[in-house]
Amino acid sequence: MREIFSEELEDLHVRFSEMGMLVNEAVYNSVKAFVNHDRELALEVIQNDEAINQREVDIEKRSFEMIALQQPVTSDLRMIVTIMKASSDLERMGDHAVSIAKSTIRVKGNTRVPEIEEDIAAMADIVKQMVEDVLDAYVKKDEQRARKIALQDQQVNEAFKTIYDKCIDEMKNDPQTVIGSTDYMMVGTYLERVGDYVTNICEWIVYLKTNKLTELNTNNQEMM
């Protein structure tokens, strides 16, 4: 029975990692579509979100089955809980990628500001790297690395503030940019939230290793 449980737990890890790669790709493609005004890529992100949602449902179902049928010991139960909670955070990241993609479709044809779009792309690069790093830290159960990744969320918050301030200035100086700048701020908000969810996953990695719920980012209000 123990061998079967170990195999099922390993399968759960693999499914979580695969879901993480799908989410990371969605975030990257949504921003790429936005800054390149690529409507087709945006539609692809929206269509692919169903696969991410199904992954979360599948992980949750398998997790509950393992808890009910295998009655895991404390350390194994902690692992299953971590996967369930972290997969929920991944699903929410995917939702924000969809929101960015929808912004791409909505603002097509509006007056654009290349400088702000460059800032958004740079912010997205930071977020994308954080997602990749936290998935690797999860696989390696690296608590110290998770703590360091969470600290990078401050860079994301600062990038968002820069974008926000520039958008306000643009709207004051050129009324034609009001609609576009509003969407820039929304996209920045979505990316900022993805950074918060990365921090959540960092917190679950720390929980996995220490059995303590530790808030790593005081700006993050989404810890379950």
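Give me the Å³ per residue figure for the convex hull around the C-alpha atoms of the chain.
So the per-residue hull volume is 100 Å³.
Looking only at Leu151, Leu69, Leu208, which one moves most when the chain is put into a Gaussian network model with springs between Cα atoms under 10 Å?
Highest fluctuation among the options: Leu69.
With a 1.4 Å probe and all protein chains left in place, how much accessible area per residue does the chain have, in Å²? Write out the running numbers ahead of the final one.
Details: 10970 Å² over 224 residues.
Accessible area per residue, the chain: 49 Å².
Who wins for biggest fluctuation among Leu191, Leu90, Leu41 in a Gaussian network model of the chain, springs between alpha carbons below 10 Å?
Taking springs between Cα atoms under 10 Å, the residue moving most is Leu41.
Averaging sequence separations of C-alpha pairs under 8 Å and six or more residues apart, then dividing by the length of the chain, give the relative contact order as a whole percent. Spell out each step's value before the answer.
Numbers: 285 pairs, mean separation 55.9, N = 224.
This gives 25 percent for the chain.
What are the DSSP H helices in the chain that stretch 24 Å or more along their long axis, judged by alpha-carbon atoms, and whose average Kyte-Doolittle hydropathy comes to at least -1.0? Show your work: numbers first, answer last.
Details: long enough: 2-36 (51 Å, -0.07); 39-70 (47 Å, -0.49); 74-107 (50 Å, 0.13); 114-140 (39 Å, 0.11); 153-173 (30 Å, -1.10); 178-210 (48 Å, 0.35).
Membrane-span-like by this rule: 2-36, 39-70, 74-107, 114-140, 178-210.
Once R0 is set to 30 Å, what does the formula 1/(1 + (r/R0)^6) return for the Cβ-Cβ distance between Ile4 and Lys140, expressed as a FRET efficiency to the nearest 0.05? If you can, show how the numbers build up before the last one.
Values: r = 25 Å, r/R0 = 0.82.
Rounded to the nearest 0.05, the efficiency is 0.75.
How are the C-alpha pair distances of the range 1-116 spread across 5 Å bins, as whole percents from the shortest bin up?
2, 12, 20, 16, 13, 10, 8, 7, 5, 4, 2, 1, 0
Let's test the formula: R0 of 22 Å, r as the Cβ-Cβ distance of Arg147 and His13. What FRET efficiency results, to the nearest 0.05?
0.55
At 1.4 Å probe size, with the rest of the protein present, what percent of the exposed accessible area of the chain is carbon and sulfur atoms?
On the way: 5530 of 10970 Å².
It is 50 percent, rounded to a whole number.
Can you figure out the FRET efficiency of Lys212 with Glu65, using R₀ = 25 Å and their beta-carbon distance, to the nearest 0.05? Mind dumping the intermediate values first?
Values: r = 27 Å, r/R0 = 1.09.
In this case the efficiency is close to 0.40.
Show log10 I(q)/I(0) for the range 69-202 at q = 0.12 Å⁻¹, two decimals, from a solvent-free Debye sum over equal Cα scatterers.
Cα-only, vacuum Debye calculation for the range 69-202: -0.54.
Could you please state, rounded to a whole Å, how far the C-alpha centre of the range 116-150 is from the C-alpha centre of the range 44-88?
Spelled out, the Cα-based centre of one part sits 21 Å from the other.
The values are calculated or read from the model by the stated rules, or taken from the named source; none is laboratory data. In this text, all values refer to a predicted model and were calculated from it rather than measured experimentally. Note that we place each Cβ from the backbone using ideal geometry, even for glycine, and neighbour counts take in every protein chain shown. Ligands, DNA and RNA are stripped out before the accessible areas are found, and what is left, the full protein with its side chains, is counted by its heavy atoms. Shrake-Rupley method; radii C 1.70, N 1.55, O 1.52, S 1.80 Å.
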